[in-house]
Structures are given as structure tokens and as C-alpha cells.
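Here is the structure we will look at, set down as C-alpha cells.
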Amino acid sequence: MTKTALPTSLSFLALSIMAASPAFSADSLIQDTQLNTIMIEASYVAEPSSKAGSSVSQVDSDTLAATLTRNLDDLVRYEPGVEASRDSRSSISGINIRGLEGDRIKISIDGVPQADSYAPPASRGQIAYLGAGRNTLDTDSLESATIIKGGDIVEGSGGLGGVVKYQTKEPSRFLAPEVNDTSASLKMGYKSASDEFHQTITAANRTGKVESLLLYTHRDGHENKNHKGDAGEDRSFGATRGSVDPFNTGSDNLLAKVQAQLNDHNRVGMVGEYFHSNTKATLYSESTATEQRGLEDQSIRRRVGLFHENTQANTLYDRLMWQWDYQNTKTTNKTHISTNNRLVDRFYDEDIISVKADLMKQINAHHIRYGVNYDVKSLENLNKNRVSGTTTVSRFAPLADADIFGLYLEDHWSVTDKLTLIPAIRYDNYQYTTKGDEYIDSWGDNKNEAITAQLAADFAINDTYTLFGKAGSGFRAPNLNELYYYFENSVGGNGYRIKPNPNLKPEESLFVEAGVRAENRLGAAELVAFYNDYRRFIEQVSLGSSAAYRRGEFTNSNIDQVVIKGVEFKGSLHLSKSFEALREGWTLNGAIAYAEGDNLEDNEPLDSISPMSAVLGLGYDAPSEQWGGKLNLTWAASKKAEDITNSKQWLATSDYQLVDLTAYYKPSENLQFNVGLFNLTDEKYSNWNDVRNIAVNNTNLDRYTRAGRNFGIDATLSF
């Protein structure tokens, strides 16, 4: 593979912020002032105390509002090394961290694990008939999103490539401290890139020791435009179509919370969530003059939960937090085909009952965390195929139940004033139990267990610089799709078959990362390098062809080995404190990420690796706190053919540069406007993750470009 060299200008920027700038000179440190959080990129903050030895980023609700975040793609826009990934039905399905995505990234909302993805392969390179992603949330309901890059064993199976932890809003953030209070707000907005309008109504109350919150968001929009614009009146057919397909989209999200402080040591509460999204589209790009196609999709997630927090110190713990949650996630995809009045109606449904407890105990220099989780899942998919009025029913996988149990122990040990060690160990046990019926065989059960461990460390060289690192092992249990997916097509003597493999082993990893942080009152920076070695990586492999299956037989298999390595830098500088000539409120933020990955078994690059990217943000916040803004510059390198597997080298993308400008204005305490102008230079570009799974090589790649110059605006009125 040809390696991408770090551009000289970006190298100079990283080194100058870390070393040459007076912000990181030990002589310039003012001892009595310390930053509590580390600002990164254009708007993110890190969590240095909770994840020592790790690279962690966090975005809060104020930043989500300031950047006019509508979805996961917007949420990670200014986080190099992290991207939203898309499924084959053109929706955002999950997050890609350092080249891993899908179920290799652990995603949770309020500590509840989100449903697995389920996306059987598409036929003939066209849109898949079923694509269940992991995007069943609304960003207006979020208090924060924490991204842990790399392995983290405390989170258990699924945290192979990283962890994304969403935390929903709490009543207290809208209320005055301690006293009885009531608050309400109305937020309305528009985003031109998808022609989307949205409204959010929030009400919160505290009466005595009881707090409550009710939040509702409605969205109504269309397709995400490409550089050509929206679909308009374009009625051209086929893979060479340059316009996006016309979509109508909508969603509703409801969040309700009630919490009570029973006494000084006990707090209880309950939560309810309901998310419903729907999409209708005419698939001109997959239609012909004689056959028209369309889709009608919906995703629904329901959750109810209870929690109890106890802070009455005793022999076992100083703090105990336990919760019980029930969650149902269902994706239904309908594909309409005019030929023979065909309707393909498929769904994937996942139920989970999740119980977890986390405990903390301080014993001298040891801050000990330990906990247990137990999840029971029920998994089902069903396929209905109606042709000329006749309906057939089948399944891709048998009905399945999953039992998942885990224990962890972590010690945050202050060895000296300068050295902190964080050893951790975890035990996991999982079992899939399947049941056959008239539609499919059971294919057998699958079970396994794993013990993983890691050691992290922080060493303070002085009051400014800290060395940190982490090494350990991780694992991921195979999912239902990987274990049991079965499909056979023998039509026309050109058949193929995809066979289940219930004997798959869990994926395993060995990871190490190390870096240096610099922090004082003038700013903060972090430089980290990482190396991940993955074994038993689950990939689809060919079993060869035969007279019955001329196009071949395929199955999922554990392969050895995949390696991903790279380097990242992020930093912020309070310009007003570094240069006396500047008025108060100026900040400079920057980040850059580079990674490379190889499938050593096939001796080919790993296509899920994103090209090197960088972000530079210049921000200003007026001392009056009434107005401010940020100018964000994004650069992404080209994805060169030599860094792509042979069969996909025709998809190579060019480098691009983006300019975004966001601003806010508060004419009064009760009213705030947020505006954003994105891709100001009207750059024509494609994101590698948007095109890398295209299978038909006569596809017009212009259709997969991102939106040109676009804007967004929000207005929030509080009562």
C-alpha cells in the first residue's frame, strides 16, 4: 500500500500548537488555574477523569444546538477519525470509528445497548430489501454524546472499535437549582440540505423532591441533496441517473422522565422513550422504463426504564446505581416493484430486557469500580413476498433468544502524585438459542465466553504534560445475521447460495495506544498513536461454485488477521489569553486523524478505513454571551486506488476542502437564534463511506456527492 504523507502545513500546525506556542510552555503555566475539560476540534470536550489512558471526546447539548445537529452525520462532522456510516437503503445506520463500524461499535442510550444492525446483502448491487440500522434516536433529546475511541473492555462485547454513549436530557438542566420551578421551551428550525422542518417542545417541572420532563420532537423533510440539488422534476432511470432519488421523510420522538429524591441518599426514577421514523421514496435509479420501484420504510424504538441510585456508604460501595430497562426496536422495509405488482415486505424485530448495576468504592489510593449486566434478547425477522396476488413467507434466520451476562472490575489506583494505573478485567458469557418453524430450520445454537483485560496509565511529567497509554484485549460476539443468515437463489440455472455458520467464534482484539497531553489555562492538546490487531474477524468468504450454484456458495467465517493503526492529534488554544492584543473570547481548535488498515489474510487493504482528515476551527464568543460564531475548515485526503481492494478501486475519491460558518444571537434571555452556512465554497465532493459499498460499476458516482452550499436556522423561545 502507498502510505499517505502528513501534509507539511498540518504537521507544522500540530507541532506549533503543541510545542512552539506559549500556550504549552511550562514557564507560562499559571499554577492556580486548571481546565476541568479539554476542548477539541471545533466544539467538543473530552472527559479526562473518567477515562484515563484513553482518547475520549464528548459533545454536549449546547454544542449540538450551536452546530445545528440534525442526525449522527452532523454530530461527528468535526471529529476526524469518526464518521457516520450508511446502510444500503440510503439512511444513516451507525458510526465508523478508526475504520470499524456496525456492531463492532458499542452504542448505548442511558446505558441501554442499542439493537444490532441487520442488513442482508443486496441483490445485483441494488438496494437491499432489508436494512435495519442503529439510528433510532433524535439528537434534540440528547444531553451529551461521549465517544471512546479504540477498545474499552468495561463496556463489554461490541466495544471492539470504540464506544458511543448517548445520555438523554435531564429535568434539572432546565430548572433553577433546588427550588420549585417550571420551565418550557419551543424550538423550530429548517435545514436546506434535506428541506427539513422540525419543532421541539420541552416542559420541565420540580415540585418538592419530584422532577419531571416531557420532550417531543417532530421532523418533516425530504432526500439529502447531492451537489446537483434535489430530485426536482428529473425522471431519468437507471444506474446512470445523476440526481438523488426523491424521498419523503418524517419522524416523531417523545422522551418522558420522572425522578424523586427520596432522602439524602436515595434517588429513584423512571423513563419512557418513543421514536418513530418513516420514509417513502421513488427509486428512479433502480427503475427502468418498464419497471418502477419504490420503498416505504419505518423504524420504531420503544423503551421504559427504572433506576435507583444509592449513596449511603457501606462496606461494599460508596455509590450504587442500578437500572432495569425494556426496549423494543423494529424496522420494517417495504419495496414496491411494478412488474407483477410485486411487494417485498420484510422486518427485523429485537426485544431486550436489560438489568445492570454499577458500584464504586474508595479504599485509600484505590478508586474501585465494578458491576454486572444481564441482557435477555428476543430476535425475529420475517419476509413476505407478494407476486401477482400470491404471497409467500420465509425467514432469513430462525427465531432466536440471546442471553448475555457480564462482570467487570476496574481499579483507578493513584500510585503516586504523578502516576495513576487503571487495571481492569471483565468476564462475558453469551448464548444464542434458536428455534425452527415452518419457514426455516433452527441451524443450531451458539455460545461462548471470554475473559478480557486491559491496563491504562497516566504519568504527569509536570504540571503541563502528561503521558498516557492503554493496552488490552477485547472481543465481540457474532450477531444473528452473521450466524444464521440463509438465502438460496436457483432461478435460471445461474443460482447462488449463502449458508449459515452457527459455529462462528467471537472476534478478538489486542490493542495498544499511547500519547501525550498538554493542558494549562491557555489551552489543551493531545497526540496519540494506536495499533489494533484483530483476530477471528468475521467476513463473508466464498466456498466455490458448482453446477447447482454457478454464481457460487458463500458463508461467514472467522479470518486472521486484520490490523489497523494510526495517529491522531487534537488541541485548542484560548487565543485571547495567549495574545494580549486580542479581545476576550477568541479560540482556535484543531484536529487531524490518519489511519491505515489491512486484511493480512487476503493481503488487501481494509476498505472501511477513511482517508486522512483534519479540522481547524476559529471561534469567538462575546463577553456579554449574547452572540458568537465559529468558522470551521475541513480537509479530507483522497482515497487512492492502491489503498482500496482490487474490485473497488474504480470508486477512488478525490480530496476536498469544506468551509462552514455557524453563529448564534441571543437578543434576550428567553430567545436564541442559531444559524449555519455549510460548504460555503460550494465544493463538489464525495465521502468515501458513502460510495465504498456500491457494487454496479456503471453507476453515476455524481449521484453520491454531498450537498453543495446549504444553510440551517433554529430559533428557541423559553418560558
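The values are calculated or read from the model by the stated rules, or taken from the named source; none is laboratory data. Just so we're clear, the structure is a prediction, and the values are computed from it rather than from any experiment. Glycine gets a Cβ as well: all are built from the backbone with ideal geometry, and neighbour counts include every protein chain shown. All accessible areas refer to the heavy atoms of the entire protein, side chains included, with ligands and DNA or RNA removed. Shrake-Rupley method; radii C 1.70, N 1.55, O 1.52, S 1.80 Å.
Taking the conditions (1) out of contact with any Phe, Trp or Tyr (no Cβ under 9 Å at 6 or more places or on another chain); (2) closer than 27 Å to Lys330 by Cβ in turn, Leu175 satisfies each one other than (2). Residue count for the range 219-246 satisfying the condition of being without any contact (Cβ under 8 Å) to a residue 60 or more places away in the chain and over 30 Å from Lys169 (Cα atoms): 10. Of all residues in the range 535-549, those satisfying the criterion of being open to solvent by 50 Å² or more (accessible area, probe 1.4 Å) and under 26 Å from Gly151 (Cβ atoms) are Arg535, Arg536, Glu539, Gln540.
In the range 278-293, the residue that is modelled with the lowest pLDDT out of those that are of a type in the set (D, E, K, R) and buried (at least 22 other Cβ atoms within 10 Å of the Cβ) is Glu286. Of the strands (runs of 3 or more DSSP E) lying entirely inside the range 76-156, those containing at least 3 residues that are within 30 Å of Tyr284 (Cβ to Cβ) and at pLDDT below 85 span 92-97. Against the list (1) open to solvent by less than 20 Å² (accessible area, probe 1.4 Å); (2) closer than 25 Å to Gly712 by Cβ; (3) more than 24 Å from the chain's Cα centre (by Cα), the condition Asn679 fails is (3). The range 471-557 holds strands (runs of 3 or more DSSP E) entirely within its bounds, and those carrying 2 or more residues that are under 30 Å from Phe405 (Cβ atoms) and of a type in the set (D, E, K, R) map to 507-520, 523-535.
Close Cβ contacts (under 9 Å, 6 or more residues apart or on different chains) running from residues in the range 640-668 that are within 22 Å of Asp621 (Cβ to Cβ) and open to solvent by less than 30 Å² (accessible area, probe 1.4 Å) to residues that are among the small types (Gly, Ala, Ser) and assigned to a helix (DSSP H, G or I) comprise Thr662/Ala66.
Just one of the numbered conditions (1) at pLDDT below 90; (2) within 28 Å of Leu421 (Cβ to Cβ) is not true of Leu480: (2). Against the numbered list (1) modelled with pLDDT of 95 or more; (2) out of contact with any Ser or Thr (no Cβ under 9 Å at 6 or more places or on another chain), Lys577 comes up short only at (1).
Which one is farthest from the chain's Cα centre (by Cα), of the residues in the range 294-314 that are over 30 Å from Gln362 (Cα atoms) and open to solvent by less than 60 Å² (accessible area, probe 1.4 Å)?
Initial filter on the range 294-314 (over 30 Å from Gln362 (Cα atoms)): 294-304.
Filter again for open to solvent by less than 60 Å² (accessible area, probe 1.4 Å), leaving 294-295, 297, 299-301, 303.
Values: Gly294: 28, Leu295: 25, Asp297: 21, Ser299: 17, Ile300: 18, Arg301: 17, Arg303: 19 Å.
In this case the residue turns out to be Gly294.
Scanning the range 622-639 for residues that are surrounded by fewer than 18 Cβ atoms within 10 Å (Cβ to Cβ) and either closer than 20 Å to Ala593 by Cβ or free of Cβ contacts under 8 Å to residues at least 24 places away in the same chain (or both) yields Ser624, Leu633, Ser638. Once the range 550-582 is narrowed to residues that are crowded, with 17+ Cβ neighbours inside 10 Å and of a type in the set (A, V, I, L, M), the residue that is nearest to Glu539 (Cα to Cα) is Ile559.
Can Thr433 be described as open to solvent by 50 Å² or more (accessible area, probe 1.4 Å) and among the hydroxyl-bearing types (Ser, Thr, Tyr)? If you could, list the steps in order and put the result at the bottom.
Numbers: open to solvent by 50 Å² or more (accessible area, probe 1.4 Å): yes; among the hydroxyl-bearing types (Ser, Thr, Tyr): yes.
The answer is yes for Thr433.
Taking the numbered list (1) under 18 Å from Asn479 (Cα atoms); (2) open to solvent by 60 Å² or more (accessible area, probe 1.4 Å); (3) not acidic (Asp, Glu) in turn, Thr390 passes all entries but (1). One residue alone among Asp690, Asp702 is open to solvent by 50 Å² or more (accessible area, probe 1.4 Å) and either in contact with a helix residue (DSSP H, G or I) (Cβ under 7 Å, 6 or more places away or on another chain) or not in a strand (DSSP E or B) (or both), and that residue is Asp702.
Every residue, every condition in (1) of a type in the set (Asp, Glu); (2) open to solvent by less than 40 Å² (accessible area, probe 1.4 Å); (3) in contact with an Asp or Glu (Cβ under 9 Å, 6 or more places away or on another chain), yes or no:
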{"residue": "Leu186", "(1), (2), (3)": "no, no, no"}
{"residue": "Thr202", "(1), (2), (3)": "no, yes, yes"}
{"residue": "Lys209", "(1), (2), (3)": "no, no, no"}
{"residue": "Thr217", "(1), (2), (3)": "no, yes, yes"}
{"residue": "Asp220", "(1), (2), (3)": "yes, no, yes"}
{"residue": "Lys225", "(1), (2), (3)": "no, no, yes"}
{"residue": "Ser236", "(1), (2), (3)": "no, no, no"}
{"residue": "Thr240", "(1), (2), (3)": "no, no, no"}
{"residue": "Ser243", "(1), (2), (3)": "no, yes, yes"}
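What is the residue count in the range 358-383 for residues that are in contact with a strand residue (DSSP E or B) (Cβ under 6 Å, 6 or more places away or on another chain), over 21 Å from Trp443 (Cα atoms), part of a strand (DSSP E or B) and open to solvent by 20 Å² or more (accessible area, probe 1.4 Å)? Total satisfying the criteria: 12. Scanning the range 645-682 for residues that are hydrophobic (A, V, I, L, M, F, W, C) and modelled with pLDDT under 95 yields Trp650, Leu651, Ala652.
Residue-by-condition table, conditions (1) buried (at least 17 other Cβ atoms within 10 Å of the Cβ); (2) within 22 Å of Val691 (Cα to Cα); (3) among the polar types (S, T, N, Q); (4) more than 22 Å from the chain's Cα centre (by Cα):
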site	(1), (2), (3), (4)
Glu584	no, no, no, yes
Thr587	yes, no, yes, yes
Ala591	yes, no, no, no
Tyr594	yes, yes, no, no
Asp598	yes, yes, no, yes
Leu606	yes, yes, no, no
Ser610	yes, yes, yes, no
Leu616	yes, no, no, no
Tyr620	yes, no, no, yes
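Of note, Ala365 does not satisfy the criterion of being closer than 30 Å to Ile422 by Cβ and in contact with a Leu (Cβ under 8 Å, 6 or more places away or on another chain).
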